[in-house]
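Working notes for the structure below.
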Amino acid sequence: MSPRDEEPSSGPVRVLRVIARLNVGGPARHVALLNAGMDENQRFRSWLVTGTENPGEGTLLDYARSRGVEPLVIPEIRGQASFTPRDIVALAKLTALARRIRPHVVHTHTAKAGFLGRLAARAAGVPVVLHTYHGHVLSGYYSQAKTRVLQLMERGLARLSDQLIAVSDRVRDDLIQFGVAPAERFRVVPLGLDLAPLFDVSAQRGALRQELGVASDAPLVGIVGRLFPIKNHALFLDAAARLLAGWPTARFVVVGDGVLRGELEARARQADLHGRVFFTGWRHDLATIYADLDVLAVSSRNEGTPVSAIEAMAAGCAVVATRVGGLPDLIDDGRTGTLVPTDDPLALASAIGQVLTDQEGSGLMRAAARADVQQRFMATRLVADMQELYLELLAAKGVVMGTTE
């Protein structure tokens, strides 16, 4: 969809959405589905602007295109917590684009896009500016000094925003605690995903085990995500080694890629794990993955709302996760999944072992989890929530929309 000049309040609501990159993960899926859903309603017309992925992150560009979303790529936008001359070029391009499209709404996602997109929106005189926090980088990512600078930056950017959105109550509470903005500036809008293909994965069952050479009766435990320090895959592997003491036939699969792959593969070659851990790289056939897992583990030190956990729950796979970020909002501990302390391999191994042991209890947990995510995290709900919010904010600014073209 190419930008066109239109009268500021004529035709559909024009939405310019900005994300730093379409790397494999929840935010990229979220924005692709949101743009696709918005454009199904002729009252809205949307553009998606993205930058380029960092090495090893994978891309969901084809995922967006398969849903009819053709992103506008500004290659100078990079998802890195730094400011370089490249960012000045990106800001100039974003500002020029906003002036051409003249959107009623600019909605940014992820930190770098939030920085560049909000500045560009205000420079272009956009009526409504929003930012969604899918998580945050204000804990566990950088040095104390750099984190402090990022906190101050987010406080300044909050003043440029008409609405701040968090994907969970915990993410919102963290941001309030870090002084980004007071509670009244936030609204919680949970993720929305295309979960329908995961509600019945019976046709895919057995395919992954056959591919990996894992017996049908061997426990199979997996983890899905970027191989990046904050995801703490080392904890997963340490827990795997402990779990083998009680479950010697167990096998483990690491789905994803990233800067730590070599280091993690070296750990998996050590004697206590040798031959028991499989690295698959990025996979798009996630229904095949979840269909054969007995347990999905989330070992992160910080999280927003991890899509892998939501998808696993939809597919009927038990989830054991660290009690960080938005995970306590996603998982009702003991009812829809299990939460454990972070950086505790024994606790993670014990919780996984309990799920494997208590088949009846884990079956009830899986059923409750599937019902819960079906009610809370569908894309149709996300689109309806966001359309309502955009219209509310526009009305508050006195922007009266005309009829659709």
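The values are calculated or read from the model by the stated rules, or taken from the named source; none is laboratory data. Model, not experiment: these values are computed from the prediction. Note that each Cβ is placed from the backbone with ideal geometry, even for glycine, and that neighbours are counted across all protein chains shown.
Worth pointing out:
- Selection count, the range 55-65, where residues are of a type outside the set (A, V, I, L, M) and surrounded by 17 or more Cβ atoms within 10 Å (Cβ to Cβ): 4
- Of the residues screened, residue 89 is one that is of a type outside the set (Phe, Trp, Tyr), modelled with pLDDT of 95 or more, over 23 Å from the mean Cα position of the chain (by Cα) and more than 24 Å from residue 381 (Cβ to Cβ).
- For the residues 325, 363, 398, 316, the requirement of being surrounded by fewer than 16 Cβ atoms within 10 Å (Cβ to Cβ), at positive phi and not polar (S, T, N, Q) singles out 398.
- Within the range 180-216, considering residues that are of a type in the set (D, E, K, R) and touching a residue at least 12 places away in the same chain (Cβ under 8 Å), the one nearest to residue 253 (Cα to Cα): 209
- For first residues located in the range 354-378 and more than 14 Å from residue 331 (Cα to Cα), partners that are among the hydroxyl-bearing types (Ser, Thr, Tyr) and assigned to a helix (DSSP H, G or I) and lie 6+ apart or on another chain with Cβ distances below 9 Å form the pairs 354/362; 355/362; 356/362.
- Of note, residue 160 satisfies the criterion of being modelled with pLDDT of 95 or more, part of a loop (DSSP other than H, G, I, E, B) and under 27 Å from residue 72 (Cβ atoms).
- Tally, over the range 328-347, of residues that are farther than 28 Å from residue 188 by Cβ and surrounded by 24 or more Cβ atoms within 10 Å (Cβ to Cβ): 0
- For the range 66-82, filtered to residues that are of a type outside the set (S, T, N, Q) and exposed (fewer than 13 other Cβ atoms within 10 Å of the Cβ), the residue that is nearest to residue 151 (Cα to Cα) is 75.
- Residue 136 vs. criteria in contact (Cβ under 8 Å) with a residue 60 or more places away in the chain and buried (at least 21 other Cβ atoms within 10 Å of the Cβ): yes
Residues checked against (1) under 20 Å from residue 304 (Cβ atoms); (2) out of contact with any strand residue (DSSP E or B) (no Cβ under 9 Å at 6 or more places or on another chain); (3) among the aromatic types (Phe, Trp, Tyr):
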| residue | (1), (2), (3) |
| --- | --- |
| 32 | yes, no, no |
| 44 | no, no, yes |
| 65 | no, yes, no |
| 72 | no, no, no |
| 75 | no, no, no |
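- Just one of the numbered conditions (1) within 22 Å of residue 159 (Cβ to Cβ); (2) small (Gly, Ala, Ser); (3) surrounded by fewer than 24 Cβ atoms within 10 Å (Cβ to Cβ) is not true of residue 121: (3).
- The set of residues from the range 261-287 being surrounded by fewer than 19 Cβ atoms within 10 Å (Cβ to Cβ) and within 22 Å of the chain's Cα centre (by Cα) comprises 261, 279, 280, 281, 282, 283, 284, 285.
- Any pair with Cβ under 7 angstrom, 6 or more apart, that starts in the range 85-103 at a residue that is assigned by TED's automatic domain parsing to the domain that holds residue 128 and ends at one that is of a type in the set (Gly, Ala, Ser) and in a helix (DSSP H, G or I): 91/120; 94/117; 94/120; 95/120; 95/123; 98/120; 98/121
- Taking the range 16-107 as the region of interest, the helices (runs of 4 or more DSSP H) fully inside it that hold 1 or more residues being over 30 Å from residue 255 (Cα atoms) are 26-40, 85-101.
- Among the candidates 289, 223, 230, the residue that is under 29 Å from residue 326 (Cβ atoms) and modelled with pLDDT under 95 is uniquely 230.
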